[in-house]
Amino acid sequence: MKADKSHRGRGISRRSFMTHTAVGAAALAMPNIVRAQTGGRVLVRTSGGSYQEALQQGTWNEFTKITGIEVIGVPANTGKLLTMAEAGSQELDIVEANAIAMLTLQDRGVLEEIDYSRFEYTDVNDVSTVEPTYLSYCAFAEAICYNTEAFPDGGPANWADVWDVENFPGRRMLQDAKAISPNLEFALLAAGVSKEELYPLDVDRAFDMLRQIRPHVIKFFDSGALGASLLAERTAVLGALWTNRVEALRKEGAPVAIEWNQAMRVTEYTGILKGSPNYDNAMRLIDYSSSPKAQALSLPQIGLSPENIRAFDHIAPEVAAILPTSPVLKDKGFEQSAAWWIANRDDIARRWEEFLLE
């Protein structure tokens, strides 16, 4: 079926991304490979770690059984993804990325059009955002996280608490620009700016706040996998991290928790790189992975919200209630403005490098 271009949901089309917001390191592990005897292969960019494991167990293994197509996950951060795409890399077919990265790829003309008429498993009218070269896949959030053993009486309730080193002592972690973007929003929230008045960001004030907390930051992590490792090993006891990573640690028994107040929502999108060496296989995997059942089996287990609304038919209500886009949690946070970041990307990248060298 041909995509209904009027069906935007929380979309970020070229005409509408100014009013819609979302977001979403070198490889930290060798790619997980699903073996198949026949059917060729497809190369997928992921953020690695528990996210890739969930995709393999809930989607890729079954896809391989059905099609015989070998799925190879290639962990890469946003910076490496953009470099690979611009170089015409043959290491990737499918990209999964946040709004900032996906719009950048679209602007640079490196995304293939998706032939939605070939979809067998997914009704695109059930997907929140459908565009000619990409569609939304899942949503997560970046939020306050902390070690419950380090804070047995309760952790920070807002970003001002994260900056309060006297009442909440310990080593922190925040995000590096190489992951998605530096945490300028959280710095401003810590300074007392309301989430409704964040944009346009006061960059000078944000960097001043980052300078205040920097002596207590053990690491600016450049991938979710590294952030999770820092928290799990108690190298850092509080800071920012993607909620799906914290949820995966919690399920493994780690003493960690999420504070959803002032969390920043991020939407991930999927598309096919121009010149994809395995275009037909990529089309089939995007179709299958966007289906309700595949999303229900893969995403909620690590705290991600499916973008196919029909997936919630296969998710228990108590599980759906703790996903980032649930009504209860959604009102506590905000969405990152991809439009602002794209407009200011080069300037912030320069200032971030200067900040790291101070």
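The values are calculated or read from the model by the stated rules, or taken from the named source; none is laboratory data. What you are looking at is a predicted structure, and each value in this text was computed from that prediction instead of being measured. Note that each Cβ is placed from the backbone with ideal geometry, even for glycine, and that neighbours are counted across all protein chains shown. Only protein heavy atoms, including side chains, enter the accessible area calculation; ligands, DNA and RNA are left aside. Shrake-Rupley method; radii C 1.70, N 1.55, O 1.52, S 1.80 Å.
Close amide H contacts of LEU111 (hydrogens built in the peptide plane, cut-off under 5 Å, sequence separation of 5 or more or a different chain): LYS274.
Evaluated at q = 0.18, 0.20 Å⁻¹, a Debye calculation over the C-alpha positions of segment 264-346 (equal weights, vacuum) places log10 I(q)/I(0) at -0.89, -0.98. Between LEU357 and ALA316, the modelled label-to-label distance comes to 5.3 nm, taking each label 7 Å out from Cα in the direction of the beta carbon. Ignoring lysines fewer than eight residues from LYS178 along the same chain, the ones with Cα atoms less than 18 angstrom from its Cα are LYS80, LYS219. Within the shell defined by Cβ-Cβ distances under 9 Å, the residues around ALA240 carry a net charge of 0, with Lys and Arg each +1 and Asp and Glu each -1.
Taking the highest mean first, how do the peptides 59-65, 214-220 order by number of other beta carbon atoms within 10 angstrom per residue?
Values: 59-65: 19.7, 214-220: 16.3.
Highest-to-lowest ranking by the protection proxy: 59-65, 214-220.
Helices in the chain, meaning DSSP H runs of at least 4 residues, each add -39500 (n - 2.57). Divided by all residues, the mean residue ellipticity at 222 nm is -9000 deg cm²/dmol.
Summary of the geometry: segment 154-204 and segment 51-99, compared by the centres of their Cα atoms, lie 31 Å apart. Highest-first packing order for the peptide set 67-78, 174-185, 151-162 is 174-185, 67-78, 151-162, based on the mean count of other beta carbon atoms within 10 Å. With the simple model of a label 7 Å out from the Cα in the direction of the Cβ, GLU196 to VAL328 spans 2.4 nm. For ASN125 and VAL203, a Förster radius of 45 Å and the Cβ-Cβ distance give a FRET efficiency of 0.65, rounded to the nearest 0.05. Over 23 Å apart at the Cα level, from the set LYS65/LYS293; LYS65/LYS274; LYS195/LYS330, are LYS65/LYS274.
Could you compute the net charge surrounding LYS178? Neighbours are other residues with a C-beta less than 11 Å from the C-beta of LYS178; K and R count +1, D and E count -1. Before the final figure, lay out each step's value.
Values: positive: LYS80; negative: ASP176, ASP222, GLU353.
So the surrounding residues net to -2.
Considering only LEU174, ALA191, THR133, the residue lying farthest towards the positive end of the dipole of segment 124-219 is LEU174, judged by Cα position with unit charges set on Cβ. Ordered by solvent-accessible area of protein heavy atoms (1.4 Å probe), largest first, the residues GLU142, GLU113, GLU247, GLU353 come out as GLU113, GLU353, GLU247, GLU142. Around the amide H of ALA257, modelled in the peptide plane, lie the amide H atoms of TYR146, THR148, all under 5 Å away and 5 or more residues distant in sequence or on another chain. Calculated over the chain, the projected area of the Cα convex hull averaged across directions stands at 16.7 nm².
Taken along the Cα-to-beta-carbon direction at a fixed 7 Å, the label points for GLU233 and ALA87 span 2.7 nm.
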